[in-house]
Amino acid sequence: FSQAYGGWAERARATEGHPLYTARCSHMDVEQGAVKRKHRGRLYALSAEGEWEDTGTGFVSIVGSSDARRLVFHEEEVGTLLHDRPVFDSSVYELKGEGERQTIIVWEDAETRKDWALSFEDPDGTAEIWEAICGDAAAEEKRVLPLPTLANLGELCRLLMCVPPSLRETLAAECMSTKFLNGLRDTFHTAEDVCSEEALAALWQITKAIFLLSNPRLTERYLKQDVYEDILGMLEHDVGLPSSKRIRHREVLKGQVRFKSVLTFEDAEALDRIHLNYRLQYLKDIALPRLLDDAAFVSLTQMIHMNLSAILDYLQKSDRLLEQLFVQIGQKDQQGLQFLQDVCRLAKQIAPSERQALHEKLVAHRMFALLVPFFGEAATSAEAPICVELLLLSAQNDPSHLRRFLSSEGSSDGRALLSALISTVHQGNDQGVQGQVAELLKLVMDVTLLEPRERDQCLDAFYDRGVLDELSVALRSDSKHIGNQCSLFGQQLSCELLAFAVMHHGFRARVYVMRHGVVQHALRLLSAPQRFLQLAPVRLLQAAIGSKDEAYHKYLVKSGFFAPLFRAFEQSVRPPALGGNLLVSAVLQVLEFIRIENIKILVDHICRRHEGILQEYAPKYRTLQLFRLKHQQNLEYEAFPPERHAAGAPVESSSRGSGASRSGRMRSPGREDSDDDEAYFDLPEDDELEDMRLARRPAETRNGATSTTPPDKLASNDAGAGENGVVAAAAGGALGLGLGSLLGSYADDDDKEVGSAGDRGPSCASTADAKAHDAADSQEGVRVSTGVAAEATVASRSAPSSPPSPSAVVAAAACPTSPSHLPDSGVVEAEGGGIGQRGSRSPEPLVEPGIADCGVAAEKAMNHAPKRLKTSSAALEATPA
């Protein structure tokens, strides 16, 4: 800097107020304007109140040499000298800033005791002035890396290959210094001149390590216009590749890559940023793709996105450039169209808000109307694919602009563009472009998020102005599916677009499909030899079924559209069935959806009309098995509705008619009947049996009167009870809880009531004799016969000491827990007392009269139990229940 500005300082002092226009660094290969911009800044002074005051904006320079160096600041417009003070010791100055952008130099004037600050516009200019202020001696004392020479390349390579995180910023600042960069370039030129492979390999390692420091400022500095050729030349000597496979980066960037200036950029900074962004992409994708670590890759990607955002923001805010661009596009300039294509592609990488602002600016310049002439007569011109991509990118960002343009009632350009797009779907010669147009039309046809007025306007354009007629014309043709792949692919896309309309357009699509027979025309494609074309009508059919619209379902059943579907399914399944798996899977998917959603009208129609196919292939495909099962379940549901048959349908069996009618339970068809299950449900409650027994007694018996049964009938009654002893015992077991609760306390004076209890026995036994046969058929009383022993024990406390009747003997013998089988009668009485003391509940359901009468017979038998079974009340109270 002393050599650069020393002579100018003398001339400036001789001619006071002369501006700085001719200063130039002898060691920097930059233009004069660039140097001035780098050293441009604003000077601040700290006031007595502690606030920074703006002194002015201008250019900074360091003049003089050795100890006579001075810091000079000139105003930028007229060149007025605003500051001229000597350069103090380097410890007085302090470099500040935010993060890596340190562009402020603060110091205190030792003589005037006043604080000053310089805020620079360019970080590189700040670094140069800071280096000039600190001086060579101070910089050399703090330097970690030696300046590059042929002798110390090995040491420099070692220091840069293993950098601790704490030294990354320090080493990046040293590598960014002018002396280091110039020394590195000079060493590279010398190594190339002497053809030193070892030195060139070391320089490749050093340059790679510099980029792996992942410092954005350092990377940007090494790719600038003045040094990028030498830096990429160092990267040509990749030691990991043989010499024959190494890329000559300088030849590629200078010879093969050409910059086409479509628009006139007046801002040199924006143009430099465009060139820098290309070099960053080249470095990331070509020069160092296999050597970048994650940090370096992320750093380069972020730099590319930031530069891209700045470039597109400049373009979006420059109305002059946009007007120039669309004027060229209106003149059918292909380069202008490609430039717009690149702009829309790159806009996908910027922030959504910036991308939205850019697309709105393009729409405001009538981009859609200017693209219509490029489609030509049959949309086969070279520019048509570019126009399709532009429309697709705009629709992906915000489809409302294009939808409004296409559906506008008074827009002839919009209708012409829509017809051109549909023609591209049918007659295009590129399947990729056809797919893009189909995706574009789906975005435009999606009206689910629109307001009712906008939705009706869009649907009117498609249904009332013949757009869908143009779309479905390919399905109505009488061709035998013979044509090129693009035309067949157009038919498939037509089916997909119609299926999309069915799913999203509601009744408008339903009316159109039914009125014009769209499904019928589409199903003709099932006979095509192309497998991909056979799947197209299946998608349309699935869309109609998936809409869950009953009108669609009835229409499909009435028209019999499943018949060609199952014919194609059967042809695909039968041998050799080459390539038919896709169609089989699609048909099974449709049937699975119908089964899961249980669309009953379709389930019934398919199972009735196509039962043969389902039954034939059900063992092979589980979906068909489940489909038939769903049909059977629906039939059962209709025959026996749950609100009328809570437990299912009745069992159809002639051999068990009496049992079924007696139980009153309905069983579902196909379920195995079980005697044990029926017997379990037929068992009455104990309290119910007791109340039924009391209800069936004669009135005079319930009032306490003695029975008038003749004595000669007693023997016959006892005999009948003996013959049905097992039944009586079983039924009596069910009465255990009820009898126990009725007997109440067990006092010793209960023997006085034995006579009345004995008189009731024969009368009740006669009723049991009449009902014994029905009770024996039921067989359910056997399960509760255990209660007979307990009831007999309880009753024995009040029975007279007379010989037991035959019925009592038979009942005791039939009971597995009768007193004769137990070791101690006291324990038996305790168990019976415990059972009898349980609380009884109020009976609600009805029971069969035969069981109740048998219970009365059991009570009579228990009243004649032997006296020896009686125990004292004290023993009963002492025994646990």
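What about Val343, is it in a helix (DSSP H, G or I), open to solvent by less than 70 Å² (accessible area, probe 1.4 Å) and in contact with a Ser or Thr (Cβ under 8 Å, 6 or more places away or on another chain)? Considered against the rule, which asks whether it is in a helix (DSSP H, G or I), open to solvent by less than 70 Å² (accessible area, probe 1.4 Å) and in contact with a Ser or Thr (Cβ under 8 Å, 6 or more places away or on another chain), Val343 comes out as no.
Go through the residues of the stretch 331-338 one by one and say whether even a single one is modelled with pLDDT under 95, in a helix (DSSP H, G or I) and either open to solvent by less than 20 Å² (accessible area, probe 1.4 Å) or charged (D, E, K, R) (or both). Within the stretch 331-338, one or more residues are modelled with pLDDT under 95, in a helix (DSSP H, G or I) and either open to solvent by less than 20 Å² (accessible area, probe 1.4 Å) or charged (D, E, K, R) (or both).
Of the residues making up the stretch 242-297, just one is of a type in the set (D, E, K, R), modelled with pLDDT of 90 or more, farther than 20 Å from Ser214 by Cα and within 45 Å of the chain's Cα centre (by Cα), namely Asp272. Evaluating Ile596 against the criteria (1) open to solvent by 80 Å² or more (accessible area, probe 1.4 Å); (2) at pLDDT below 95 leaves one unmet condition, (2).
Among the numbered conditions (1) open to solvent by 40 Å² or more (accessible area, probe 1.4 Å); (2) not in a loop (DSSP other than H, G, I, E, B), the only one that Ala382 does not meet is (2). In the stretch 380-397, the condition of being without any contact (Cβ under 8 Å) to a residue 24 or more places away in the chain and more than 25 Å from Val327 (Cβ to Cβ) is met by no residue. For the stretch 104-111, the condition of being in contact (Cβ under 8 Å) with a residue 40 or more places away in the chain and not hydrophobic (A, V, I, L, M, F, W, C) holds for none of the residues. So, restricting to helices (runs of 4 or more DSSP H) that lie completely within the stretch 426-501, which ones have at least 2 residues that are of a type in the set (Phe, Trp, Tyr), modelled with pLDDT of 90 or more and over 29 Å from the mean Cα position of the chain (by Cα)? By residue number, 452-463. Within the stretch 609-626, the presence of a residue that is surrounded by 14 or more Cβ atoms within 10 Å (Cβ to Cβ), modelled with pLDDT under 60 and either outside any helix (DSSP H, G or I) or basic (Lys, Arg) (or both) is excluded.
Considering only the stretch 359-372, I want to know if a residue exists there that is of a type in the set (Gly, Ala, Ser), under 30 Å from the mean Cα position of the chain (by Cα) and open to solvent by 50 Å² or more (accessible area, probe 1.4 Å). Within the stretch 359-372 (the criterion being of a type in the set (Gly, Ala, Ser), under 30 Å from the mean Cα position of the chain (by Cα) and open to solvent by 50 Å² or more (accessible area, probe 1.4 Å)), the answer is no, since none of the residues qualifies. Of all the listed residues (Leu370, Leu362, Leu358, Leu402), the sole one being in contact with a Gly (Cβ under 7 Å, 6 or more places away or on another chain), farther than 26 Å from Gln485 by Cβ and touching a residue at least 24 places away in the same chain (Cβ under 8 Å) is Leu370.
Of everything in the stretch 545-579 that is exposed (fewer than 13 other Cβ atoms within 10 Å of the Cβ) and of a type in the set (D, E, K, R), the residue that is nearest to Gln589 (Cα to Cα) is Lys548.
The values are calculated or read from the model by the stated rules, or taken from the named source; none is laboratory data. None of the values given here were measured: they were computed from a predicted structure. We place every Cβ from the backbone using ideal geometry, glycine too, and count neighbours over all the protein chains shown. All accessible areas refer to the heavy atoms of the entire protein, side chains included, with ligands and DNA or RNA removed. Shrake-Rupley method; radii C 1.70, N 1.55, O 1.52, S 1.80 Å.
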